[in-house]
Amino acid sequence: MKLSFNKRLQEICNKKNNHLCIGLDIDPERFPSGRDTSLQGMETFAKEVIDRTIDLCPVYKPNFAFYERFGSEGYALLERIVDYVSGR
């Protein structure tokens, strides 16, 4: 039987012993100087955040508006990031 969202959320929070939620609000305008601000750079940044926190963080929340402003390419980026987190 498939677990409900709430049950699945509770299980992963219990497993990681916290209720941390990291927002993936990728805003290239706020990147440090010299950082790649292209969509590829945004994807790299998001994956770095995920890779460095996956052992601790049970939940990631992408902010749709940060991706929406890039149109179809932003939607595709959001989908890749969600797939990346889901595969971890």
Would you check the chain for Lys pairs whose C-alpha atoms are within less than 20 Å, ignoring same-chain pairs closer than 8 in sequence, and give me the count?
-> 8
Most exposed first, judged by fewest Cβ atoms within 10 angstrom, Cys21, Cys13, Cys57 run Cys21, Cys13, Cys57
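Based on other C-beta atoms within 10 Å, arrange Ile81, Ile22 from fewest to most.
Ile22, Ile81
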When the Kirkwood radius is taken over all Cα pairs of the stretch 1-77, what Stokes-Einstein diffusion coefficient follows at 20 °C and 1.002 mPa s, in µm²/s?
-> 153 µm²/s
Over the chain: helical MRE at 222 nm, DSSP H runs n ≥ 4 each giving -39500 (n - 2.57), nearest 500 = -17000 deg cm²/dmol
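Every number in this text was worked out from the coordinates using simple rules, so none of it is lab data. None of these values were measured; they are calculated from a predicted model. Counting neighbours? That spans all protein chains shown, and the Cβs are built from the backbone with ideal geometry, glycine included.
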